[in-house]
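Take a look at the structure below.
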Amino acid sequence: MTVFENLQQIIQDIEAAQPQDVEALEQFRIKYLGSKNIIKPLSKGFRDVPNEQKKEFGQLLNKAKQDAEQKFQGLKDNLETAADEAVGDDLDLTAPAEPIALGSRHPVSITMNRIIDIFSRIGFAVAEEREIEDDWHNFTAMNTPEDHPARDMQDTYYLKNSTSMLLRTHTSSVQARTMTTQQPPIRIIAPGRVYRNETISARSHCQFHQVEGLYIDKDVSFADLKQTLLYFAEEMYGVGTKIRLRPSYFPFTEPSAEMDVSCFICDSKGCNVCKYTGWVEILGCGMVDPKVLENCGIDPEIYSGFAFGMGVERQAMMQYGINDIRLLFENDVRFLQQFQSAL
Ligand code: PHE
């Protein structure tokens, strides 16, 4: 067989080839397009071809290479389309989707949302602020300067390489953030996470949540505070709930009080939630100390106001009969999915 005939045979073979699968196609590629393909040696026979046939031979060589390339691409596309269609056979686009597992609200969020909702109804706006706070907003502005003994009750975590940046110990820092950036009248509630350097036990944790309230305007009195808190207690714990204010001390309020509500578990008959006193402590409150207003650039001769702050976990625990605060932070779905919320 001459090189000519050889080449013509190859061209015919390429045309006739019918690789049916990926493996056969790969064999085809190696044979006609690979680095040791069978067309290559024929180009060496070029010099033995008589001069007058050289042109034709060159054209045939090119045709062989192009045919191989074209056939390969065509077959490859066919195989890929076939593979896609095969997958398509199993894929029923009309089938109902896999159900998405629905989560449930965290009991702390449920309780916090209820508190927010109650205060929103009487015009309090939600103010959210940073958890990493500076010393001034958390302590000094709140009338608790360095060396003030009240700082001992709220030890916290300080940022590495900084003595002034800390994790806020209470949402009262939002009072300072708000009063330094807004002019009265101010009427906000500030929900959020706070931190304290405390040993973790069934009753205390190094992180928990508070909701702060702040109301500043002209002629705000203690009676306004008391009425607002009574409204809250009745909305939160039921109509007929009684409140009791006990004198207390906070550096940023004067006078200060602690508020108890009549025990909603036993209807004040005595149980272990109220420790047989008929009352449960809910929050701290008082009239904003004039020094705090002054620190934040508000004239205490013109304005006065009240503030309160309540822990969320304790209220959630009482309401749901949870006896260990750690359960609230373990994120065990079996525990968390027991709580249902309307909000
Ligand atoms: N910040 C206080 C605390 O964490 C609570 C409080 C807020 C008291 C506002 C009075 C007024 O204990």
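The values are calculated or read from the model by the stated rules, or taken from the named source; none is laboratory data. The structure displayed is predicted, hence computed values, not measured ones. Cβ placement follows ideal geometry from the backbone for every residue including glycine, while neighbour counts extend to all protein chains displayed. Accessible surface is based on the protein model in full, side chains and every heavy atom, while ligands, DNA and RNA are left aside. Shrake-Rupley method; radii C 1.70, N 1.55, O 1.52, S 1.80 Å.
For the chain, find the longest principal axis of its Cα atoms and tell me its angle to the long axis of helix 22-32, 0 to 90°, nearest 10. That helix lies at roughly 50 degrees to the long axis. Straight-line cross-link reach from residue 269 at under 22 Å between alpha-carbon atoms covers these lysines, not counting any fewer than eight positions away in the same chain: 242.
Over region 107-342, with the other protein chains present, what is the accessible area per residue in square angstrom, probe 1.4 angstrom? Show your work: numbers first, answer last.
Details: 11480 Å² over 236 residues.
On a per-residue basis, 49 Å².
About the centre of its Cα atoms, region 38-161 shows a dipole size close to 1160 debye [charges on the beta carbon of Lys, Arg (+1) and Asp, Glu (-1) only; nearest 20 debye].
Against the chain, whose longest principal axis is taken from its Cα atoms, helix 51-90 shows a tilt of about 40°.
In Å, what Kirkwood hydrodynamic radius results for region 252-343 from the alpha-carbon pair distances?
On the way: mean 1/r = 0.0624 Å⁻¹.
Answer for region 252-343: a Kirkwood hydrodynamic radius of 16.0 Å.
Straightening the chain between residue 242 and residue 22 buys 71.1 nm, computed as 0.36 nm per residue apart minus the Cα-Cα spacing.
Using a simple charge model, +1 on the beta-carbon of Lys and Arg, -1 on the beta-carbon of Asp and Glu, nothing else, what dipole does the chain show about its Cα centre, in debye to the nearest 20? Spell out each step's value before the answer.
Details: 35 positive and 50 negative charges, 79 e Å.
The dipole magnitude comes to about 380 debye.
Return the FRET efficiency for the residue pair residue 159, residue 224: r is the Cβ-Cβ distance, R0 is 35 Å, and the value is rounded to the nearest 0.05. Before the final figure, lay out each step's value.
Numbers: r = 38 Å, r/R0 = 1.09.
The formula returns an efficiency of 0.40 here.
On a 0 to 90° scale, report how tilted helix 222-237 is relative to the longest principal axis of the chain, with both axes built from alpha carbons and the result rounded to the nearest 10. For 222-237 against the chain, the angle is about 50 degrees.
Under 23 Å of direct C-alpha separation, and excluding same-chain neighbours fewer than eight residues apart, residue 71 reaches these lysines: 31, 36, 40, 63.
Which three numbers, in whole Å and largest first, are the semi-axes of the equivalent ellipsoid of region 3-88 derived from its Cα gyration tensor as √(5λ)? Before the final figure, lay out each step's value.
Values: eigenvalues 195, 24, 16 Å².
Output for region 3-88: semi-axes of 31, 11, 9 Å.
Centre-to-centre separation between the Cα atoms of region 93-126 and those of region 135-164: 34 Å.
Note down, for the chain, the three equivalent ellipsoid semi-axes (square root of 5 times each alpha carbon gyration tensor eigenvalue), biggest first, whole angstrom. Write out the running numbers ahead of the final one.
Working: eigenvalues 1361, 141, 66 Å².
Computed over the chain, the values are 82, 27, 18 Å.
Computed over protein heavy atoms with a 1.4 Å probe, the carbon and sulfur contribution to the accessible area of the chain reaches 50%. Which residue fluctuates most in the GNM of the chain (Cα springs below 10 Å): 133, 80, 235? Highest fluctuation among the options: 80. Taking the chain as a whole, the Cys residues whose C-beta sits 4.7 Å or farther from every other Cys C-beta are 206, 285, 296.
So if we plug the beta-carbon distance of residue 299 and residue 125 into 1/(1 + (r/R0)^6) with R0 = 22 Å, what FRET efficiency do we get, rounded to 0.05? Don't jump to the answer; show the numbers that get you there.
Values: r = 22 Å, r/R0 = 1.01.
For R0 = 22 Å, the calculated efficiency reads 0.50.
Pairs of Cα atoms nearer than 8 Å and 6+ residues apart set the relative contact order; for region 3-88 it is 42 percent.
So for each of 186-195, 98-107 I average, over its residues, the number of other beta carbons within 10 Å; can you give me the resulting order with the highest mean first?
Working: 186-195: 21.1, 98-107: 11.1.
Answer by packing, highest mean first, reads 186-195, 98-107.
Ordering 191, 102, 59 by the projection of their Cα atoms onto the charge dipole of the chain, which places +1 on the Cβ of Lys and Arg and -1 on the Cβ of Asp and Glu, puts 59 at the extreme positive end. Scanning residues 5 or more positions from residue 126 or on other chains, those with amide H under 5 Å from its amide H are 189, with H placed 1.01 Å from N in the peptide plane. Computed over region 146-188, the alpha-carbon pair-distance distribution with 10 angstrom bins reads 22, 43, 28, 7, each value a whole percent.
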